[in-house]
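Readers should treat all values here as calculations from the given coordinates under stated rules, not as data from a laboratory. From a predicted model like this one, the values you see are computed outputs, not experimental measurements. No Cβ is skipped: glycine too gets one built from the backbone with ideal geometry, and neighbour counts run over all protein chains shown.
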Amino acid sequence: MYRFLLSRQWVILTLVGLVLIPVMIRLGFWQLHRHEHKVAQNAQIAAALHAKPVPVTDLAKPGRDLPEADRWHPVQATGRYDTKGEVVVRNRTAADEQTIGYYVLTPLRLTGGSTVLVNRGWIAPSGGALTTFPDVPPAPKGTVTVTGRAIPDETTAESGIKDTKGLPDRQVMLINSKQAAERLHRPVLGGYIEQTAPEPAHDKPELVPDPDHDSIGPHMAYAIQWWLFAAAVPVGWVVLVRRERRDRAAAAATAEGSAAPAEPERPQEKAGSATPAAAAKD
């Protein structure tokens, strides 16, 4: 009755289904973990946005990575900008998340002697060209106090941004304190400050907006979809088996009907003629 399941076609179909079920379940848990990570990240951002600023040197040290747990924590730094070491970071979007331009990255020499990188905000390219150094609004002169979010160094592995070589002068792809230390020839605190205050003159550069901590994304919905797909595989397999069995039974019944011997036809009597028995009676 179910011997067709041993055919090559059905063996392959069954094996494919057995492989897809655990793969889909695993993909569902992967999306679930991404959902949990997003929820935890949102909680971390919300807590950081309401935290009291601390001196940047309390969190960051020269040559050390800023701990991920301190991402977005408010920090303050007092010092003087080193405009000679200023660079721009290519291919960054404005607050509208569409317009491509630059981040302005300026070293700040702290009163204690250390140096920290400050992302002063976003600017548009000069004349729409990304190959020439843009018109950068000048950094404030004298001693300044900057407040912002502590952000770990960018890496290609973490950001997905390729660290392209051979860029135009004073342009970089990543905000990275170790690379900055090589350019400046002095130690730089790990990570950088994403400036939130004071407001720049004429709103230039455009400060980076607060990170989104309300959206949780579609990851939970994707997880449920993958698990539904995994449940649908055995159900679909059973439906196909029953349909195949029904079609084969119908085909066999049709074949038996066509192979049965036909009933022999009896000779019809011609009108006006008598059978031999009738003629003998007469």
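Basic side chains Lys and Arg get +1 at the Cβ, acidic Asp and Glu get -1 at the Cβ, and with that the dipole of the range 62-136 about its Cα centre reaches some 260 debye. Stretched out straight at 0.36 nm per residue, the stretch from Thr111 to Glu68 would grow longer than its current Cα-Cα span by 12.9 nm. Highest mean packing comes first when the peptides 39-47, 175-183, 73-81 are listed by Cβ atoms within 10 Å, giving 73-81, 175-183, 39-47. Rounded to the nearest whole Hz, the Karplus-based 3J(HN,Hα) values (6.51 cos²θ - 1.76 cosθ + 1.60, θ = phi - 60°) of the range 236-241 follow the sequence x, 4, 4, 4, 5, 4, with x at glycine and proline. Ordering Tyr192, Tyr2, Tyr103, Tyr222 from the fewest to the most neighbouring beta carbons within 10 Å gives Tyr2, Tyr222, Tyr103, Tyr192. Across the range 153-195, C-alpha contacts under 8 Å between residues 6 or more apart give a mean separation that, scaled by the residue count, equals a relative contact order of 37 percent. Extension gain, His37 to Ala51, is 3.0 nm, computed as 0.36 nm per intervening residue step minus the present C-alpha separation.
Under a 5 Å amide H cut-off, with hydrogens placed 1.01 Å from N, Thr115 pairs with Leu110, Leu189 among residues at least 5 apart or on other chains. For the range 236-255 versus the range 24-39, the spacing of their alpha-carbon centroids is 39 Å.
Pairs of Cα atoms nearer than 8 Å and 6+ residues apart set the relative contact order; for the chain it is 24 percent.
If you take the beta carbon distance between Glu256 and Ile224 as r and set R0 to 45 Å, what does 1/(1 + (r/R0)^6) give as a FRET efficiency, to the nearest 0.05? Calculated value: 0.40.
The calculated 222 nm mean residue ellipticity attributable to helices in the chain amounts to -12500 deg cm²/dmol, summing -39500 (n - 2.57) over DSSP H runs of n ≥ 4 and dividing by all residues. Sorted ascending by nearby beta carbons within 10 Å, beginning with the fewest, Leu108, Leu18, Leu207 become Leu18, Leu207, Leu108.
Note on Ser159 and Gln98: the model spin-label points, each 7 Å out from Cα along the C-beta direction, lie 2.4 nm apart.
Here r is the Cβ-Cβ distance between Thr14 and Ser215 and R0 is 41 Å; the resulting FRET efficiency, rounded to 0.05, is 0.50.
Taking every C-alpha pair closer than 8 Å and separated by at least 6 residues, the mean separation divided by the residue count of the range 53-197 gives a relative contact order of 32 percent.
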